[in-house]
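Nothing in this text is a laboratory measurement; each read-out follows from the coordinates by a stated rule. The structure presented is a predicted model; accordingly, all values stated were derived computationally and were not measured.
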Amino acid sequence: MTADGYQTPDGSGNGAPPRLNPVTVSPLWRACRDAIEQDYPWLAEHGVMERIEALMTVLDVEEDARHIGGDTWFLRTPDDYFPVVTIYFEYIAGRIILRAAHAAER
């Protein structure tokens, strides 16, 4: 945003500079994703797990996720979402490494 209140291209709108998190996935993440999509085929049909991976590129980790300990964090879809998906990841020096995911019917 400029000093006179106009949004700049690629700006967040709140004056913060745009930031993209580099995201990588682990072999366990891939295995979890495959298992979730096998159990809930509609998630695969609608690209939900792909969208979760894309979301991580713009995620404000400190604001939107919960810290477990060390470099490990987690994020959950809303409780009224079916199934509730919990995403476990590491956040190290501005990089996100997707480690595992779990889906549960609540």
Before anything else, pin down the relative contact order of the stretch 23-104: Cα pairs under 8 Å, at least 6 apart, normalised by residue count, whole percent. 36 percent
Added length on full extension, which subtracts the Cα-Cα distance from 0.36 nm per residue, residue 30 to residue 68: 11.6 nm
Does the stretch 23-104 come out rounded, prolate or oblate, given a ≥ b ≥ c as the square roots of the eigenvalues of its C-alpha gyration tensor, rounded meaning a/c under 1.5 and, failing that, prolate meaning a/b above b/c? prolate
